[in-house]
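Participant: Quick one: this structure, given as structure tokens, is what I'll be asking you about.
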Number of protein chains: 2
Amino acid sequence: MTTTARGPVGGRVPHAVWAPLPVGSVTLGTDAGLGAWQAASARATVPHCLDALESSGVLDNLRRLLDEGDPARHDGPYRGFNFADSDAWKTLEAVAWDAGRTGTDPHEDTVRAIVDLARTVQDPTGYLDSHVQGGAAPSGTPYADLRWGHELYVLGHLLQAGIARSRAQGRDDLLTVGRRWADDVVARLVDGEELVCGHPGVETALVELARHTDDPRYLDAAVRMIDLRGHGRLGSGPFEPGYHQDAQPVLASTEVTGHAVRQLYLLAGVTDVYLETGDPAWLTTLERLWEDAYGRRAHVTGGMGSRHKDESFGDPYELPPDRAYAETCAGIASVHWCWRMLLATGQGRYADELERALLNVVAGATSADGTRFFYSNPLHVREGHDGSSEYSPSGRLPWFACACCPPNLARLVASLHHYVATGRQDGTLAVHLYTDADVVLPSAGVAPGTSSARLEIRTRYPDDGTVTVRSVDPWHAPVALRVPGWADPARVRLVVDGEPREAVVVDGYATVVPGPDGVREILLDLPLDVRAVRAHPRVDAVRGCVALVRGPVVHCVEQVDVPGVALEDVVLDLGSPVRVAGPVDGIDAPVTLRARGLARPAVPDAPLYADARDGAEDGDEHAGTDVVVDLVAVPYALWGERGEGAMRVWLPTAGDR
Amino acid sequence: MTTTARGPVGGRVPHAVWAPLPVGSVTLGTDAGLGAWQAASARATVPHCLDALESSGVLDNLRRLLDEGDPARHDGPYRGFNFADSDAWKTLEAVAWDAGRTGTDPHEDTVRAIVDLARTVQDPTGYLDSHVQGGAAPSGTPYADLRWGHELYVLGHLLQAGIARSRAQGRDDLLTVGRRWADDVVARLVDGEELVCGHPGVETALVELARHTDDPRYLDAAVRMIDLRGHGRLGSGPFEPGYHQDAQPVLASTEVTGHAVRQLYLLAGVTDVYLETGDPAWLTTLERLWEDAYGRRAHVTGGMGSRHKDESFGDPYELPPDRAYAETCAGIASVHWCWRMLLATGQGRYADELERALLNVVAGATSADGTRFFYSNPLHVREGHDGSSEYSPSGRLPWFACACCPPNLARLVASLHHYVATGRQDGTLAVHLYTDADVVLPSAGVAPGTSSARLEIRTRYPDDGTVTVRSVDPWHAPVALRVPGWADPARVRLVVDGEPREAVVVDGYATVVPGPDGVREILLDLPLDVRAVRAHPRVDAVRGCVALVRGPVVHCVEQVDVPGVALEDVVLDLGSPVRVAGPVDGIDAPVTLRARGLARPAVPDAPLYADARDGAEDGDEHAGTDVVVDLVAVPYALWGERGEGAMRVWLPTAGDR
């Protein structure tokens, strides 16, 4: 369930506490918030990705497989990484959700041409990987290099695209292509072939395919693939088994390891398996690994993965802001996993982390114009930064040699409306993400005794903390509203049809149970204080620093806002208040923050290392008098929109250095 | 001049302020200090490396090139990285210096067999690279892949081995093999072929060959190779041109970039070219780049290279202790470059940095028993560290897939006696490194008016700060003794033949000019205070921390010395004195340090991020009462000798977090 199951509320995911709503239940407003993001992505990012499928060679890689003499055949060499096919499937998933959501299909001709191409070049067995089929893989034959081949990863994305097109648009053409391949994989597994992919991702897709087709063989295949991990089948070498999550069986794992995207995709798949099977051993393992990941290895922006080297989680508490890898796809994977953990447990903390990732690291990965992207999402860019690598550039880039991130953003954003609310067997509706949205539930989706209904969620969140939920007709089922962990429960205001109510927060949600007459309007007011956040003392990399966070939004300071001094020489005066302020030029955010900074320019040619002098907290490295600086902090998601320059999320505080 | 020129003092390096002494001038005492290290390396490390040449396939790679039917021919596949030949040449360089120094040649049969093998398989053109000749290189033919081929890098190591064997043992067999290849390279360059290597290293060797053979064509070849850089000839791709020092011409460079070992080897070569040509533009560039490297990008241990990713220098002041790459070979390259800068300028600061690297990062790379090594040299190992990668293991390892470091250590250590002292045209002798040593100068090597003489340097430095320099016969030439930059000049004691003298320190040296009767004994006493060193405020990664340094020796604390508490929870009480103490079990060092620490265990399940609460310096993350801990700090070079566990060079100080 990348996004949603198709059945009635609570009816299709046997072990979910919260179950996805039926497709089409939620429509986002496009003025602001998630809906505006979604509209911008459909308008700019999706066409950009479709163009890139041509310019980067992804479609030509498939056209190389056409028969000689076919006028569409492409004769050049294979281009890009071996899993480049997945760029096409991710993009088609985005197109499908957008088309289903808007009822328009401007890219349908393109999509059909790609589906036709895929159907034409697909091997009679169902196999469909242009890298291997086109002779570009050193291994030569299908599944000969499970470790690096990425073929099952590609299958996973093909399946998700096919399912999305089927669900959102009712068109099964692409699903049929994907299912043909999946059936061959299932048959091979049944025959005892040990198919397991170096890059997880297919597991969630197989579970979703099982849900969508009511065919449990696909679920069995996902379980089998998970069971196959951790026995050394993926081999070793310069990359250790942990890189591929093959060092230990999942159930024996106590820590997240290796490549962050792979680990998080795998755990999303395992959660899907739990949601279908209900085996408590899975959930115990998932909760343990989640605590490790989010309690010891997550950046304050929700970015995951500390190391550029191997794109990996680092050691516990190894969270460098400047070299945060925090791959965009890892942020997306974090949303996937947290969503499934939320469904499995009903605990708001999973939604908190989902929101942290979504509104910070994921949102920041795309430029305001929707056509430039970050692959890696640092929390600190130094003065003098060398931006020559596309993995640590000085600004967003239009495309990448490894282009996994942009179409992954497109498919997530196109499906954001699925993450807003869920339901439960007893008819309770839960709202997880606050943004302008209309929620329409068919009568079949509502608990006995309640009627079909439409709820309007209206808010300027996260700029403003007030959320109203209105119903034209009285609403009779309970409504659970998420109260994020950062909100002081004592200061949360809840007003139901004009009457203040105590907000009793259980598992991260305040639930309004309507009386006999139902309810028409709920107002939730969340205190959006500015918090100066410190990291756990073991996070050495940001010792003596704070991050300014308002509600769920992490802020950063940029060199462009402190002309005349080097941002790298500025410390935050924590003794002065941090104020909420209006917009600044060039940043499309109604709210920014203002704080008092002190510039402490280093003495020219100050030595790299000098005596601390008898325990004084300050050396004599800085030039005496501090200069007061008006600091502007803008939402992290909008950094880098005003040209290149230093940027910091973590601000040293006066007295700490 | 990896180590020494052959001619009389000051006579062979035209633009050196200090010139190397003739081979054989300096003999180290083997009880302690550099001589003990040298003896241990000859006894354990060199045989270990020779064994590894067999077990890792290096010699078999050459034996694959023998004619079919030759009983010594090896038929297996090529093994190891494409530059594995260099492991053999480095090891043979070490063997040569050891043999020359000790007058014994226990490995001579082995060496002759390898030389015979090399001569036999060498191509008629002189080319000798078993990876390319053996058909293992995808590029197929010589120099077809200058970027990754490493062939000229291999040539450089072959030449250095041949020169060492010629100089130290008077045997020219290996030199003849290397020179044959070098002659072909020279001819190709003369013919206009643009030969430049993705991995520098050959430049120093070519200059040394020019010195050793009095043939300036080799110097011209080195200059040409340096001039060829920075014009994009090495191509681009996933690695940017800066990785190979090909983004800019050397003379236009303002920052060190890319792979640290490559950059430092290149700059050592450029310094050699300056030493021969005297072109001031080279020196200006070198000084600028040196300031960048040592003023903004060097770890306090002398380790160079901040990033595992691409083994590269990072941005300015990006110096993470936990993820310090600090490759052993980069420490060695730093010794090479600083030595040449010292010769070129006579400035003691270059010797200071040479010593910092030598006694900390380089010394720490080998285990006490001489047979295990670090490739990367972190300044912090976390509790819970995943040591599964050989580039960030939890302890030293016997060998590596890429085994550049161990034989590089062996060849440096085997030549350490060359770094102790230099001379000058006016007869001045300069002592740069303090260790037990006898310096014998032939009459030809001494300035007119002075006789042949022998100086005995005796000291327990760096454990003790007293150094005596004695001469049996009165010594008539000036003696310059290095006063390191960390020593307070006002507290340096200088006693000449029993008479206290003021130590006037110029360019890092206190020079004793003998009177008409000469001098017999000089006593230098350096104040070895324990310093709590802070980093420049822009070194974010160690904000609020100090490193304990005594004289040139950086110390660290290890988990084994703080039983009962987690080292990661300990802060240093800077208000209490740090005391000098005796040895601890398992550490072969007469001096360790003792300090007062405070253990601040984190609350179990303390959140990763929490509010800083109104500007208080401390959150409530730790469990209230501090527990006093007796901290033991041992020399960094000896860390990891007592099993695995957390280690820190940089200690958080009380109040800073």
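The values are calculated or read from the model by the stated rules, or taken from the named source; none is laboratory data. Keep in mind the model is a prediction, meaning the values are calculated, not measured. When we count neighbours, we look across all protein chains shown, and the Cβ atoms used for this are built from the backbone with ideal geometry, even at glycine. All accessible areas refer to the heavy atoms of the entire protein, side chains included, with ligands and DNA or RNA removed. Shrake-Rupley method; radii C 1.70, N 1.55, O 1.52, S 1.80 Å.
Participant: I'd like the residue in segment A:413-426 that is closer than 14 Å to A:LEU481 by Cα and in a loop (DSSP other than H, G, I, E, B) and, out of all such residues, is modelled with the lowest pLDDT.
Facilitator: This residue is A:ARG424.
Participant: Another question, then. Please find, among B:ARG482, B:ARG493, B:ARG501, the residue that is charged (D, E, K, R) and within 21 Å of B:TYR294 (Cβ to Cβ).
Facilitator: B:ARG482
Participant: Considering each residue of segment B:79-113, count those that are buried (at least 24 other Cβ atoms within 10 Å of the Cβ) and free of Cβ contacts under 8 Å to residues at least 24 places away in the same chain, and give that number.
Facilitator: Residues in segment B:79-113 being buried (at least 24 other Cβ atoms within 10 Å of the Cβ) and free of Cβ contacts under 8 Å to residues at least 24 places away in the same chain: 0 in total.
Participant: For the condition closer than 17 Å to B:HIS150 by Cα and touching a residue at least 12 places away in the same chain (Cβ under 8 Å), what is the one hit in B:ARG297, B:ARG229?
Facilitator: Criteria check complete, one pass: B:ARG229.
Participant: Quick one: in segment A:506-519, of everything that is without any contact (Cβ under 8 Å) to a residue 40 or more places away in the chain and in a strand (DSSP E or B), which residue is nearest to the other protein chains (Cβ to nearest Cβ)?
Facilitator: A:VAL506
Participant: Within segment B:102-154, which residues are more than 22 Å from B:ALA52 (Cβ to Cβ), touching a Pro at 6+ places or on another chain (Cβ under 9 Å) and among the hydroxyl-bearing types (Ser, Thr, Tyr)?
Facilitator: B:THR125, B:TYR127
Participant: For segment B:356-375, how many residues meet the condition of being of a type in the set (D, E, K, R) and either over 13 Å from the mean Cα position of the chain (by Cα) or surrounded by fewer than 24 Cβ atoms within 10 Å (Cβ to Cβ) (or both)?
Facilitator: Final tally of qualifying residues: 2.
Participant: Going by what's in this entry, would B:ALA72 be described as part of a helix (DSSP H, G or I) and of a type outside the set (Asp, Glu)?
Facilitator: no
Participant: How many residues does segment A:154-194 contain that are closer than 16 Å to A:VAL223 by Cα and over 26 Å from the mean Cα position of the chain (by Cα)?
Facilitator: 11
Participant: Would you confirm, using the coordinates I've provided, whether B:ALA39 is in contact with an Asp or Glu (Cβ under 8 Å, 6 or more places away or on another chain), at pLDDT 90 or above and closer than 25 Å to B:ASP463 by Cα?
Facilitator: Against the criterion (in contact with an Asp or Glu (Cβ under 8 Å, 6 or more places away or on another chain), at pLDDT 90 or above and closer than 25 Å to B:ASP463 by Cα), B:ALA39 does not qualify.
Participant: Go through segment A:294-316 and give me each residue that's facing chain B (nearest Cβ under 7 Å) and in a loop (DSSP other than H, G, I, E, B).
Facilitator: Selection gives A:VAL300, A:HIS308, A:ASP315, A:PRO316.
Participant: State all residues of segment B:326-375 that are under 22 Å from B:PRO462 (Cα atoms) and of a type in the set (Phe, Trp, Tyr); if no residue qualifies, say none.
Facilitator: B:TRP339, B:TYR350
Participant: Considering every residue within segment B:354-363, establish whether at least one is closer than 22 Å to B:GLY230 by Cα and not assigned by TED's automatic domain parsing to the domain that holds B:LEU429.
Facilitator: No, there is no match, as no residue in segment B:354-363 is closer than 22 Å to B:GLY230 by Cα and not assigned by TED's automatic domain parsing to the domain that holds B:LEU429.
Participant: Another question, if that's okay. Which of the residues spanning segment A:561-588 are under 21 Å from A:ALA487 (Cβ atoms) and surrounded by fewer than 17 Cβ atoms within 10 Å (Cβ to Cβ)?
Facilitator: A:PRO577, A:ARG579, A:VAL580
Participant: Then there's this: Is it the case that segment A:230-249 has a residue that's under 30 Å from A:SER394 (Cβ atoms) and either assigned to a helix (DSSP H, G or I) or away from chain B (no Cβ under 14 Å) (or both)?
Facilitator: Yes, some residue in segment A:230-249 is under 30 Å from A:SER394 (Cβ atoms) and either assigned to a helix (DSSP H, G or I) or away from chain B (no Cβ under 14 Å) (or both).
Participant: Right, another one. Please determine, by comparing only the residues of segment B:495-505 that are without any contact (Cβ under 8 Å) to a residue 12 or more places away in the chain and either crowded, with 17+ Cβ neighbours inside 10 Å or not basic (Lys, Arg) (or both), which one is farthest from B:LEU593 (Cα to Cα).
Facilitator: Taking the candidates together, the pick is B:GLU499.
Participant: Restricting to segment B:428-469, and then to whatever is of a type in the set (A, V, I, L, M) and farther than 22 Å from B:THR30 by Cα, can you tell me which residue is modelled with the highest pLDDT?
Facilitator: Checked segment B:428-469; the qualifying residue modelled with the highest pLDDT is B:LEU429.
Participant: In segment A:270-293, which residue that is open to solvent by less than 20 Å² (accessible area, probe 1.4 Å) and within 14 Å of another protein chain (Cβ to nearest Cβ) is farthest from the chain's Cα centre (by Cα)?
Facilitator: A:ASP292
Participant: For residues in segment B:317-351 being over 23 Å from B:HIS385 (Cα atoms), among the β-branched types (Val, Ile, Thr) and touching a helix residue (DSSP H, G or I) at 6+ places or on another chain (Cβ under 7 Å), which is nearest to the other protein chains (Cβ to nearest Cβ)?
Facilitator: B:VAL335
Participant: Working only within segment A:314-345, note down all residues that are of a type in the set (Phe, Trp, Tyr) and over 23 Å from A:SER394 (Cα atoms).
Facilitator: A:TYR317, A:TRP337, A:TRP339
Participant: Enumerate the helices (runs of 4 or more DSSP H) found wholly within segment B:114-227, keeping only those where 3 or more residues are within 26 Å of B:ASP75 (Cβ to Cβ) and open to solvent by 10 Å² or more (accessible area, probe 1.4 Å).
Facilitator: Helices (runs of 4 or more DSSP H) meeting the threshold: B:130-133.
Participant: Just checking, how many residues over segment A:625-645 are outside any strand (DSSP E or B) and either of a type outside the set (Phe, Trp, Tyr) or in contact with a Gly (Cβ under 6 Å, 6 or more places away or on another chain) (or both)?
Facilitator: So the count comes out to 11.
Participant: So, one more: Quick test for you: out of B:THR204, B:THR141, pick the one residue that is β-branched (Val, Ile, Thr) and touching a residue at least 12 places away in the same chain (Cβ under 8 Å).
Facilitator: B:THR204
Participant: Name the single residue that is farthest from B:GLU255 (Cα to Cα) among those in segment A:360-373 being touching a strand residue (DSSP E or B) at 6+ places or on another chain (Cβ under 8 Å) and assigned to a loop (DSSP other than H, G, I, E, B).
Facilitator: A:SER367
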